[in-house]
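The next block holds one structure in the form of structure tokens; read it before the comments.
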Amino acid sequence: MTLSIDNATPEEWDAIVQAHHAGVVAQSDDKSDHLLRRLNAALEKPFGDVPIYWRCLAFALWQAGYPIEHSIGGAYWNRTPTPQWSQKSLYRIAEKPEELVLPSIDWSHVAARWKWMAQDKDGQLWLYHAQPEVSVESGWWFVEGGKNTENHEAGEFASAKKGTGDWRKLIVQRPEGV
């Protein structure tokens, strides 16, 4: 049997309202780690045993794009694009992935020797003469065997725009002919 909020009793709706006023239910754009941890702690039992306000919040976050993980007994978890919200299943909410937007710059204003631009973990943008590699330990990009003089801060350029998402993917190559 699949659960639905369509057949919620007046008492269950009252619980949802009370939970909202108590701060348990937050706006769907709340990115609080604390709320996600509290919700996942509440979801550590069969979905049918979870109070309805937590079920509603899980459903709302799924609607807002948060990935849902499903398990029958809790040993193995799988991402499910379309959760069935089964009474006996376990569910948890994964963190919403940040959209990947690559950094950008008006390359026509950048000296021709700079062929790559990358964004470090701390958000700094750098230009490189050769394709840099990621140093996960430091959170920086570097050119193998290079010196510090072989990169240049891109933030000096007004056209430089930071990217978003996993910093290890925030690298762009200068287009041909620019």
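Peptide packing: for 117-126, 69-78, the average count of neighbouring Cβ atoms within 10 Å per residue gives the ranking 117-126, 69-78, highest mean first. Counting Lys and Arg as +1 and Asp and Glu as -1 over every other residue whose Cβ lies under 10 Å from the Cβ of Gln124, the net charge comes to -1. The calculated FRET efficiency for Gln131 paired with Lys45, based on their beta-carbon distance and R0 = 35 Å, is about 0.10. With a Förster radius of 45 Å applied to the beta-carbon distance between Ser108 and Gln63, the computed FRET efficiency rounds to 0.55. Once R0 is set to 22 Å, what does the formula 1/(1 + (r/R0)^6) return for the Cβ-Cβ distance between Arg37 and Trp77, expressed as a FRET efficiency to the nearest 0.05? Taking R0 as 22 Å, the efficiency between Arg37 and Trp77 is 0.85. With a ≥ b ≥ c the root eigenvalues of the C-alpha gyration tensor of region 107-173, is it rounded (a/c under 1.5), prolate (a/b larger than b/c) or oblate? Here region 107-173 falls in the oblate category.
In terms of the mean number of neighbouring beta-carbon atoms within 10 Å, the peptides 55-66, 89-100 order highest first as 55-66, 89-100.
Placing pseudo-labels 7 Å out from each Cα toward the beta carbon at Gln173 and Ala94 gives an inter-label distance of 2.9 nm.
Every read-out reported here was derived from the displayed coordinates using simple, explicitly stated rules and does not represent laboratory data. The model shown is predicted, which means the values in this text are computed figures rather than measured ones. Neighbour counts run over all protein chains shown; Cβ positions are idealised from the backbone, glycine included.
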